[in-house]
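Asker: For reference, the structure I am asking about is given below.
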Amino acid sequence: MRRVAVIGVGVTKFGLHDRTSAELFADAAGDALTDAGIPASAVQALYYGNVVGGETEHQLHTGPQAASVLGIPSVPTTRFETACASSHAAFRHAVMEIGAGVSDVILVGGAERVLNVSTAESTEYFAYASDAVWEQPLGLTFPGVFALIARAHMEKYGTTEAQMAAVAVKNHRHGALNPKAQFQKQITIDQVLRSAYVADPLKLLDCCPFSDGGAAVVLASEEVARRHRKPVWVLASAAASDWMLLGDKRDLARVPATERAAAAAYRQAGLGPTDVDVVELHDCFTIAEIVASEGLGLFEPGAGGRAAETGLTSLGGEMPVNPSGGLKAKGHPIGATGAAQIAEIVTQLRGEAGPRQVDGARTGLTHTLGGNTATVLVSLFGRD
Amino acid sequence: MTESLITARAFFERARAGQLTAVRCGSCGELAIPPKELCPACHARAWQPVPLVGEGTIASFTVIRVAPRAHAADAPYAIAVVKLQEGVSILGRIVDIPLDKVAVGLPVRFRPLGAQDQTSIGFGPLG
């Protein structure tokens, strides 16, 4: 496989927008191409993530639609849908296409628009990523899925609601340093603990928001990347899946797909968790960050809650997690999230993250989880 | 031979009559619920239907307070992963147990829920 680099990144502000998802993507993609210093004519393919376009925008065929709105209608375009991991799955396939020598420059990105519909509608549409025969008819929601995981983690390891709250507080503290974040204000443990239950034991402030937004990255072969500023190398990109049904998962307190994808990524890169300087991981709910930090091997199983509570995962801590504010504070436009996490790690490794910079970061990791933990992508990045 | 059983429709027909049904692999003995086409343990395609007792304990649960539109009138309601006596687990709605009594380890018994054309899996008190 040839070496692959990220040479450009672009992200819109996350939050409420009066623009279509294709427009949001095109905005981010324009910024990514400018950042790469590469003409749009160099792009040979678009790999695109979008999840609920059919439901919230009555729009299918979102790949070529996004390419048309961007103004590059003739490149081969494919839309990926792996729930919240969609644009990270798109990224992995672009890495393989360049690695295999098929293309030299690929645009990867994603976008989502959900704030144009009611919370009740978006709650229903997000639940479509759980099983339509066995789970949706019971009234299962996405907070519900992670509430079942949270309860299992509390039972098995003694994780507390205060430890989960510490994740939210930390990510809001980071988000306050990110001008693109949906929430740029700090919150307290007390505010989290006193917020209303959405799906016990998860409360409103344990949950990431619904968000509109777009993100894009430009990938290039080594030969092309060497002609551009500060390439960030893709050291690994791995995917794993797991059972859809919660009842089929053997241990709800763990996410086997995270453990398998991480193991494959570390093997590809010849690295281990102790080599990683900065992590952007999938904190759709506070418990999701705790379980992911354990599954990635950053902490022992059961130690993720304490790690958040004692500041290990804060900026300035031993293992900074989600310097962008994470999904919790930065926001979670689901089709854009994977690409946005990659954009943050690239920014960190370039040393361009400003007040949220992890000092001296050389190796970064992104982790994106799809839906009910049935899809996980893990990628590793490094700089020269 | 097991053709009719491995469809969701056949499963829910039995469930509607009060019978929770799993499948056992005729090759390696693996038990599965709901049915799958291939045995996840040995990839054989030799299932036999197995009636389950329908009793188990709550492995994890949540109380849904913000519900999808179709379930809004039911909220708040409890959903649980129930570990059945035979060792397999399945998700179900908890009914006829006060929400503050729902707990990990609580014994429960299967009961079909819903109208004639839309059966879903429920669990109520054992007693």
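Asker: Which value in Å does the Kirkwood hydrodynamic radius of segment B:8-51 take, with 1/r averaged over all unlike C-alpha pairs and then inverted?
Answerer: Evaluated over segment B:8-51, this radius sits at 10.5 Å.
Asker: Give the span of segment A:177-304's Cα atoms along each principal axis, as three whole-Å numbers ordered largest to smallest.
Answerer: That works out to 54, 39, 27 Å along the principal axes.
Asker: When chain A is modelled as a GNM with alpha-carbon springs shorter than 10 Å, which of A:Ala168, A:Ala292, A:Ala152 fluctuates the most?
Answerer: A:Ala152
Asker: Going down the list A:Lys180/A:Lys203; A:Lys13/A:Lys230; A:Lys230/A:Lys330; A:Lys249/B:Lys83, which pairs span over 19 Å between their C-alpha atoms?
Answerer: Values: A:Lys180/A:Lys203 25 Å; A:Lys13/A:Lys230 24 Å; A:Lys230/A:Lys330 25 Å; A:Lys249/B:Lys83 11 Å.
The answer is A:Lys180/A:Lys203; A:Lys13/A:Lys230; A:Lys230/A:Lys330.
Asker: Can you compute the helix-only [θ] at 222 nm over chain A? Use -39500 (n - 2.57) per DSSP H run of at least 4 residues, normalise by all residues, nearest 500 deg cm²/dmol. Write down the numbers at each step before the final one.
Answerer: Values: 14 runs with 142 residues, N = 384.
The helix contribution divided over chain A gives -11000 deg cm²/dmol.
Asker: Here is a follow-up. Need one number: nm distance between label points at A:Asp359 and A:Ser41, each 7 Å from Cα along Cα→Cβ, rounded to one decimal.
Answerer: Calculated label separation equals 4.7 nm.
Asker: Here's something else I'd like to know. What is segment A:270-329's relative contact order, in percent, from Cα pairs under 8 angstrom and six or more apart in sequence?
Answerer: Value for segment A:270-329: 39 percent.
Asker: With each pseudo-label sitting 7 Å past Cα toward Cβ, what's the B:Asp96-A:Asp190 distance in nm, one decimal?
Answerer: 4.5
Asker: Give me the dipole magnitude in Debye, nearest 20, for segment B:8-51 about the Cα centre, with unit charges on the beta carbon: positive for Lys and Arg, negative for Asp and Glu.
Answerer: Dipole magnitude for segment B:8-51 comes out near 120 debye.
Asker: Moving on. Using helices alone, I'd like the mean residue ellipticity at 222 nm for chain B: each DSSP H run of four-plus residues gives -39500 (n - 2.57), total over residue count, nearest 500.
Answerer: Helix-only estimate at 222 nm: -2000 deg cm²/dmol.
Asker: If I take every Cα pair under 8 Å that is 6 or more residues apart in chain A, average their sequence separation and divide by the length, what percent do I get for the relative contact order?
Answerer: Computed value for chain A: 26 percent relative contact order.
Asker: In addition: Amide H to amide H, which residues 5 or more places from A:Asp131 or on other chains are under 5 Å from it, using H placed in the peptide plane?
Answerer: A:Gln136
Asker: Still on this structure: If I fit a long axis through the Cα atoms of helix A:256-269 and take the longest principal axis of the Cα atoms of chain A, what angle between them do I get, 0 to 90°, rounded to 10?
Answerer: Its long axis makes an angle of about 40 degrees.
Asker: Now a separate question. What order do you get for B:Cys28, A:Cys207, A:Cys84 when you list them from fewest to most C-beta neighbours inside 10 Å?
Answerer: The most exposed by this proxy come first: B:Cys28, A:Cys207, A:Cys84.
Asker: Need one number: the % of Cα-Cα pairs in segment A:71-141 sitting beyond the 19 Å mark.
Answerer: Result: 53 percent of Cα pairs exceed 19 Å.
Asker: Using the Cα atoms of segment B:55-125, I'd like the radius of gyration and the largest Cα-Cα distance, Dmax, both in angstrom.
Answerer: 11.9, 35
Asker: Let me ask another. Starting at the first residue of segment A:204-212, write each ³J(HN,Hα) from the Karplus equation 6.51 cos²θ - 1.76 cosθ + 1.60 with θ = phi - 60°, in whole Hz, x for Gly and Pro.
Answerer: Karplus values, whole Hz, x for Gly and Pro: 3, 7, 8, 9, 6, x, 6, 9, 9.
Asker: Would you be so kind as to identify which of B:Ala67, B:Ile33, B:Thr7 lies farthest towards the positive end of the dipole of chain B, taking Lys and Arg as +1 and Asp and Glu as -1 on Cβ and the Cα centre as origin?
Answerer: Positive-most Cα among the choices belongs to B:Ala67.
Asker: Follow-up. Which net charge results when you count Lys and Arg as +1 and Asp and Glu as -1 among the other residues whose beta-carbon is under 13 Å from that of A:His174?
Answerer: That sum, taken over residues with Cβ under 13 Å, equals +3.
Asker: I'd like the distance between the alpha-carbon centres of segment B:30-50 and segment A:343-384, rounded to an integer number of Å.
Answerer: Spelled out, the Cα-based centre of one part sits 40 Å from the other.
Asker: Moving on to the next point. Can you run phi through the Karplus equation (6.51, -1.76, 1.60; θ = phi - 60°) for segment B:38-43 and list ³J(HN,Hα) in whole Hz, with x for Gly and Pro?
Answerer: Each residue of segment B:38-43 in turn: 10, 5, x, 7, 10, 6 Hz.
Asker: Also, I was wondering about something else. List the extent of the Cα atoms of chain A along each of their three principal axes, largest first, rounded to whole Å.
Answerer: Result, largest extent first: 54, 45, 38 Å.
Asker: Just A:Thr12, A:Thr368, A:Thr123 to compare: in a GNM of chain A, with alpha carbon springs under 10 Å, which one fluctuates most?
Answerer: Ranking A:Thr12, A:Thr368, A:Thr123 by mean-square fluctuation puts A:Thr123 first.
Asker: From the alpha carbon gyration tensor of segment A:153-213, can you work out the equivalent ellipsoid semi-axes (sqrt of 5 times each eigenvalue) and give them in Å, largest to smallest?
Answerer: Those come to 22, 13, 11 Å.
Asker: Compute the length gained on full extension between B:Ala103 and B:Ala72: take 0.36 nm times their separation in residues and subtract their Cα-Cα distance, giving the result in nm to one decimal. Write down the numbers at each step before the final one.
Answerer: Values: separation 31, 0.36 × 31 = 11.16 nm, distance 2.30 nm.
The span from B:Ala103 to B:Ala72 would gain 8.9 nm if fully extended.
Asker: Right, something else. State whether segment A:258-378 is rounded, prolate or oblate according to the following rule on the C-alpha gyration tensor (a ≥ b ≥ c being the square roots of its eigenvalues): a/c under 1.5 gives rounded; otherwise a/b larger than b/c gives prolate, and the remaining case gives oblate.
Answerer: Working: a/c = 1.18, a/b = 1.11, b/c = 1.06.
Verdict is rounded for segment A:258-378.
Asker: To the nearest 20 debye, what charge dipole does chain B have about its Cα centre, counting +1 at the Cβ of each Lys and Arg and -1 at the Cβ of each Asp and Glu?
Answerer: Numbers: 13 positive and 10 negative charges, 23 e Å.
The calculation lands at about 100 debye.
Just so you know, all these numbers are worked out from the coordinates, no wet-lab data involved. Note that the coordinates shown come from a computational prediction; the quantities given were computed from them, not determined experimentally. For neighbour counting, all protein chains shown are included, and Cβ atoms are generated from backbone atoms with ideal geometry for every residue, glycine included.
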